[in-house]
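Asks: I am attaching a structure below and will ask some questions about it afterwards.
The values are calculated or read from the model by the stated rules, or taken from the named source; none is laboratory data. Given the structure is predicted, the values throughout are model-derived calculations rather than measurements. Heads up, the Cβs are rebuilt from the backbone with ideal geometry, glycines too, and the neighbour counts pull from every protein chain shown. The protein model used for the area step is the full one, side chains on, heavy atoms only, and it has no ligands, DNA or RNA in it. Shrake-Rupley method; radii C 1.70, N 1.55, O 1.52, S 1.80 Å.
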Amino acid sequence: MAMMAPGGVRKGRVESQRPRLAGFSEIVQMDEDTPANKVEDVVGSHVEDAVTFWAQSISRNKDIMKIGCSLSEVCPRANSVFGNLDPKKIYGGLFSEDKCWYRCKVLKIISDEKCLVRYIDYGNTEILNRSDIVEIPLDLQFSSVAKKYRLWGLQIPSGQEVTQFDQGRTFLGSLIFEKEIKMRIKATYQDGTLIAQAEYGTVDIGEEVAKKGFAEKCKLTASANTCEEKPDPGQLVLRNLKGPIPLWGHRSNQPSFSRPKGRLGGRPTLDLKDENDAGNHVTFPKECLAIGDFNLGSNVSLAKIKQDQKLIEENEKLKTEKEVLLESYTALEWKVEQTTQELQQEKATIMDLTKRLESTLKTRVGTRMKNLAAKIERLKAIRHVNISVRFGNDLSDAIQVLGEEYFTIPASLNELEIIWAEYNLAQEKIKTCQNVSEGSALIARRNEVQQKLCTAVDVFILEVDELPLSKRLKALQDLSASLEAVYGQANEGTSSEEILKKFHDWKCDKREEFASVRSDTEASLRRLVEWFQSALKAFDLSVEDSLTSEDTIDNIDEILEKTESSVCKELEISLIEQGDADKEIILNTYSQVLQKIHSEERLIATVQSKYKSSIEFKKQIIECLNKTPNLDHLLAIKKTLKSLKARLRWKLVEKNNLEESDDLDGSEIEKIKQEITQLRNSVFQEIYREQEEYEKLNSLVQKWFPELPLLYPEIGLHKYMNSGGLFTMSLERDLLDAEPMKELSSKRPLVCSEVNGQMILLKGYSVDVDTEARVIQRAAAYHRACREAKEESGLLPLIFLFLCKSDPMAYLMVPYYPRASLGAIQASMPLTSEEALKVMKGVAQGLHTLHEADIVHGALHQNNVFALNRERGIVGDFDFTKSVSQRASVNMTAGGLSLMSPEVKAGKPASPSSDLYAYGCILLWLSVHNQEFETNEDGVPKVDQFHLGDNVKSLLCSLIYCRSSMTAEQVMNAECFLTPYSEKDTEYAQYKEEEELKLENSDKYKEKIRSGEIHFA
């Protein structure tokens, strides 16, 4: 009998004791080239096509057993392959069908994980995972047991279809698979394939294949080793894999390897003479024996082979049908069992239900009447409650109020608006006029429009006085409040009358439905009461008139059913929440009503605002029409100023003459100095009065008389207005007793003086015509920002701005705070950490004031920030002759630390962010004082190197490293400015104090301590 391919193991029983093999030298010696004309007895193991198959020599049946035993012991413990696989090397492969190990060679690498292998001892192929291929020892590295044969003189017809190819392969398999075949070797291919004539008994297998048309005769060539062109073996292997392979053998889960069969006395048995104990045997099913139970010498006809094959196929078909029937039987049996259980459960449920129903029927009438009475009691309570909200009655009332008493715009308001716009246009034209003659015509036209406006205002006021605006507004506010209390927040949406119409239709339908339901309920209850009254007679024995039960009792079920239905329906309408569609209609209507209310409220507010403006306009215009602006007071002040300045100049000359005379009289000079001081104070008092008059005129220009700057150019009102009230024409440089301050600035004239007991600083700027306008514009913007913020500006205030009459100079007067700059304070007695935080919070306020006015400082440094009384920080002004980019281009430092931000260094324009960078560097400088700074390649300081409080360090990191979203307002509200002095800050103060104490060895530091310049808090 034949030896089978992997997985084709016959069913049987094998003892667990397996023979151990000492080696495979005898197997290797048998593996030699087969000479031509040799006759071999083989067993077919695998078919590739109609003329090519693999077979095992019957003489090597024990070798198969030894190889299987050895592989089953070695392979499970061997390592899986990795890296490149050698196609010439033999590996161990785990066959997928029986999970047993067989020797194999790699034919092709399919992917990183998949390989196509051939089981060399059987000839069949399979695609395996790399994890199922292992290394085997050298003693198993010998040639294959199975050999590849090709039928002599035959070839596959060219152009053969796949179906015929598969049929030819199946046919050849039925002739040779697991059958003892006599092979007469004719030739050998270069790849080792043997050309042979195959005979099974008296049957020539090659002739049978040719007769069926699965192969054709080929002409022999001169070469003894080849007879035809051989097809590509790789393609043939893949084709064999893809095509269906008939399963002639049967697989078993018991044996772990294939065992060969021998021939003893014409019966199939195992030749185990060389194995351990006698008596080991394997039994096989009858259907398997039917295929291969032939003697080599018997005459087996082709008809007998076909008959056997047909019986095998019918047997397989019957077995398949039997398995299907068994599965159907099992499924039906399970279904019957399940249905039986369900029926038993249903039976138990019905029995329980029957018992409860019988119990319920005994108390049915009482329970039914009790439930009906409870529902009627609940219905009574509901009818006492107003359910109008459910049907939007409040919205209907609101719509009615809005429709009947809707407030409309007074007719006079439109006319007033037109004339008022005409009046404002006339005022604007006068304001921009540069020609006096043209201005006169514009003023006359303005006066005409003004008269018309006064008349329109009177008409409008009279009409509004007759309207109940306050009453209507109060009613709308109450209505809005009541609706919002019920419905809550309204949805935003467009106004549409279609929504109100839809609500009206919905409300009518709901009202009609509710009325019908309530009517049915009352009719049903009346009928029930009548039945009870009639039933009294039927059950009263004293009543002589007898009534039949059909007249009184029979219809009670119908009456109760109708009554219960009507009551339940009314309860449902009254209690159940409205559906989404109803809610949407009501909420949309509510939104529309609320929009109309708010619209009317805004209209009333507009009319009231215009009414108030009209009353104010009428009050002021009467005063203005009766008199024109009077400049006499201003001119009188200017005249007084002129006289005072002349006297002051004379006294200054007189003082100089006395100081230069030989007869120096100290008392006389002192008397003149006192007079000069009094005159200078008087001059400034008059200047302040003059500024007040200018401010009054400025107010008149803005409201009523824009023509004043045009009509009176000599008073300089236009420059005063452009400067925001900062500019004055009455102040001159030579009137001040000024002391040069070269230590503060070497670039521009800077003098110090005293006015009315206040120290002031006078800054001089060289200007031309263009520069003068820009200086006034920039100074005015700074002054307005400071004045609007008032005390909380955080800025150094500007007092006056004036021009020199003899030289092209502009002078700016500001307060002077000696030795109050951060540079001066830190050089003498540095601020403590607490003081520094207080001061820098004020500086942040100053930057916030500037940035809110769209002003970038661009020149923040330690000499431009002042600490008043060591606790209030203010930001100083900047050079008004320079633009922002010019100011920011100067690289100032604080303690060696550059205050120019990286983006400005990179050429980007200055911004509020660059101001905050300079602010952060100054705060860092104040926090670490004399310590040296480490910076990166951009010059940005490294904050982590210093011992600082967590809150301060967090703020510094935000200012220096991440300023993109930081604002001065956020800096003001930083945690370090809001919380008390933290424990970390206390630790740093102690650390700083220790560092300062280390400097006591310095002579300079000791000298400062002796002189009292440094005091410790």
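Asks: Return the only residue of G716, G666 being modelled with pLDDT under 85 and under 16 Å from F727 (Cα atoms). Show your work before the answer.
Replies: Working: G666 fails: under 16 Å from F727 (Cα atoms).
When all the criteria are applied, what remains is G716.
Asks: Of the conditions (1) crowded, with 20+ Cβ neighbours inside 10 Å; (2) touching a helix residue (DSSP H, G or I) at 6+ places or on another chain (Cβ under 6 Å); (3) within 19 Å of H783 (Cα to Cα), F866 fails just one. Which one is it?
Replies: For F866, the failing item is (2).
Asks: Moving on to the next point. Looking at K335, K347, K380, which one is in a helix (DSSP H, G or I) and within 25 Å of E558 (Cα to Cα)?
Replies: Values: K335 fails: within 25 Å of E558 (Cα to Cα); K347 fails: within 25 Å of E558 (Cα to Cα).
Of the residues listed, the single one that is in a helix (DSSP H, G or I) and within 25 Å of E558 (Cα to Cα) is K380.
Asks: Report yes if some residue within segment 605-614 is closer than 30 Å to K501 by Cβ and open to solvent by less than 30 Å² (accessible area, probe 1.4 Å); otherwise report no. Write out each step before concluding.
Replies: Let us first name the residues in segment 605-614 that are closer than 30 Å to K501 by Cβ, namely 605-607.
Right, trim to open to solvent by less than 30 Å² (accessible area, probe 1.4 Å) and you get 607.
Yes, segment 605-614 has at least one match.
Asks: Moving on. Going residue by residue through segment 569-584, is there one that turns out to be more than 30 Å from S482 (Cα to Cα) and either out of contact with any strand residue (DSSP E or B) (no Cβ under 8 Å at 6 or more places or on another chain) or modelled with pLDDT of 80 or more (or both)?
Replies: The answer is yes, given that some residue of segment 569-584 is more than 30 Å from S482 (Cα to Cα) and either out of contact with any strand residue (DSSP E or B) (no Cβ under 8 Å at 6 or more places or on another chain) or modelled with pLDDT of 80 or more (or both).
Asks: Mind counting the residues in segment 113-154 that are of a type in the set (D, E, K, R) and assigned to a strand (DSSP E or B)? So that I can check it myself, show each step before the final result.
Replies: Just the residues of segment 113-154 that are of a type in the set (D, E, K, R), to begin with: 113-114, 118, 121, 126, 130, 132, 135, 139, 147-148, 150.
If we keep only those that are assigned to a strand (DSSP E or B) too, we end up with 114, 118, 126, 135, 147-148, 150.
Total meeting the criteria: 7.
Asks: Applying the selection to segment 166-207, what residues are within 15 Å of S57 (Cα to Cα) and of a type in the set (A, V, I, L, M)?
Replies: Selection gives I176, I181, M183, I185, L194, A196, A198.
Asks: While we're looking at this one, here's another question. Of all residues in segment 355-366, count the ones that are in a helix (DSSP H, G or I), open to solvent by 60 Å² or more (accessible area, probe 1.4 Å) and over 15 Å from E561 (Cβ atoms). Please lay out each step first, then the result.
Replies: Quick first cut of segment 355-366, residues in a helix (DSSP H, G or I) only: 355-362, 364-366.
Checking which are open to solvent by 60 Å² or more (accessible area, probe 1.4 Å) leaves us with 355-362, 364-365.
Remaining after also requiring over 15 Å from E561 (Cβ atoms): 355-362.
The number of residues fulfilling the criteria is 8.
Asks: Sticking with this one: Based on what the data block shows, is E714 open to solvent by 30 Å² or more (accessible area, probe 1.4 Å) and not aromatic (F, W, Y)?
Replies: yes
Asks: Within segment 160-182, identify whether any single residue is assigned to a loop (DSSP other than H, G, I, E, B), at pLDDT below 90 and either in contact with a Leu (Cβ under 7 Å, 6 or more places away or on another chain) or surrounded by fewer than 20 Cβ atoms within 10 Å (Cβ to Cβ) (or both), and answer yes or no.
Replies: yes
Asks: Name the residue, out of K596, K642, that is open to solvent by 50 Å² or more (accessible area, probe 1.4 Å) and not assigned by the TED database to the domain that holds E492. Write out each step before concluding.
Replies: Numbers: K596 fails: not assigned by the TED database to the domain that holds E492.
Just one listed residue meets the conditions, K642.
Asks: Restricting to segment 932-956, and then to whatever is under 13 Å from G896 (Cβ atoms) and in contact (Cβ under 8 Å) with a residue 24 or more places away in the chain, can you tell me which residue is surrounded by the most Cβ atoms within 10 Å (Cβ to Cβ)?
Replies: Restricting attention to segment 932-956, the residues satisfying the condition of being under 13 Å from G896 (Cβ atoms) are 932-935, 939, 941.
From the residues that got through so far, the ones that are in contact (Cβ under 8 Å) with a residue 24 or more places away in the chain too are 932-933, 935, 939, 941.
Working: E932: 9, F933: 20, T935: 12, G939: 16, P941: 22.
Only one residue tops the list, namely P941.
Asks: Considering every residue within segment 891-908, establish whether at least one is modelled with pLDDT of 90 or more, surrounded by fewer than 19 Cβ atoms within 10 Å (Cβ to Cβ), among the polar types (S, T, N, Q) and within 30 Å of D770 (Cα to Cα).
Replies: no
Asks: Sticking with this one: Return a yes/no flag: does segment 471-489 have any residue that is of a type outside the set (F, W, Y), under 30 Å from I419 (Cβ atoms), at pLDDT 80 or above and surrounded by fewer than 16 Cβ atoms within 10 Å (Cβ to Cβ). Give the derivation first.
Replies: Filtering segment 471-489 for residues of a type outside the set (F, W, Y) gives 471-486, 488-489.
With the extra rule that they be under 30 Å from I419 (Cβ atoms), the set shrinks to 471-473, 476.
If we keep only those that are at pLDDT 80 or above as well, we get 471-473, 476.
From what is left, the residues that are surrounded by fewer than 16 Cβ atoms within 10 Å (Cβ to Cβ) are 471.
Yes, some residue in segment 471-489 is of a type outside the set (F, W, Y), under 30 Å from I419 (Cβ atoms), at pLDDT 80 or above and surrounded by fewer than 16 Cβ atoms within 10 Å (Cβ to Cβ).
Asks: If you don't mind, another one. Quick check: anything in segment 530-547 farther than 28 Å from R383 by Cβ, modelled with pLDDT under 75, part of a loop (DSSP other than H, G, I, E, B) and aliphatic (A, V, I, L, M)?
Replies: yes
Asks: Only residues that are in contact with a strand residue (DSSP E or B) (Cβ under 8 Å, 6 or more places away or on another chain), open to solvent by 40 Å² or more (accessible area, probe 1.4 Å) and farther than 24 Å from S914 by Cβ: list them for segment 817-843, please.
Replies: Within segment 817-843, Y817, P818, E835, K838 meet the criteria.
Asks: While we're on this one: Quick test for you: out of G858, G846, pick the one residue that is in contact with a Lys or Arg (Cβ under 6 Å, 6 or more places away or on another chain) and open to solvent by less than 20 Å² (accessible area, probe 1.4 Å).
Replies: Just a single option satisfies the conditions, and that option is G858.
Asks: Answer with yes or no whether L318 is over 30 Å from N61 (Cα atoms), at pLDDT 80 or above and surrounded by 11 or more Cβ atoms within 10 Å (Cβ to Cβ). First the steps, then the outcome.
Replies: Details: over 30 Å from N61 (Cα atoms): yes; at pLDDT 80 or above: yes; surrounded by 11 or more Cβ atoms within 10 Å (Cβ to Cβ): no.
Against the criterion (over 30 Å from N61 (Cα atoms), at pLDDT 80 or above and surrounded by 11 or more Cβ atoms within 10 Å (Cβ to Cβ)), L318 does not qualify.
Asks: A follow-up question, please. Quick one: which of L483, L476 is touching a residue at least 12 places away in the same chain (Cβ under 8 Å), assigned to a helix (DSSP H, G or I) and touching a helix residue (DSSP H, G or I) at 6+ places or on another chain (Cβ under 6 Å)? Walk me through how you get there before you give the answer.
Replies: Working: L483 fails: touching a helix residue (DSSP H, G or I) at 6+ places or on another chain (Cβ under 6 Å).
Going through L483, L476 in turn, the sole match is L476.
Asks: Looking at (1) without any contact (Cβ under 8 Å) to a residue 60 or more places away in the chain; (2) touching a Leu at 6+ places or on another chain (Cβ under 9 Å); (3) assigned to a loop (DSSP other than H, G, I, E, B), which is the one condition that is false for M900?
Replies: (2)
Asks: Now a separate question. Being closer than 21 Å to S143 by Cβ and among the β-branched types (V, I, T) is the filter here, so list the residues in segment 99-115 that pass it.
Replies: Within segment 99-115, just V106 meets the criteria.
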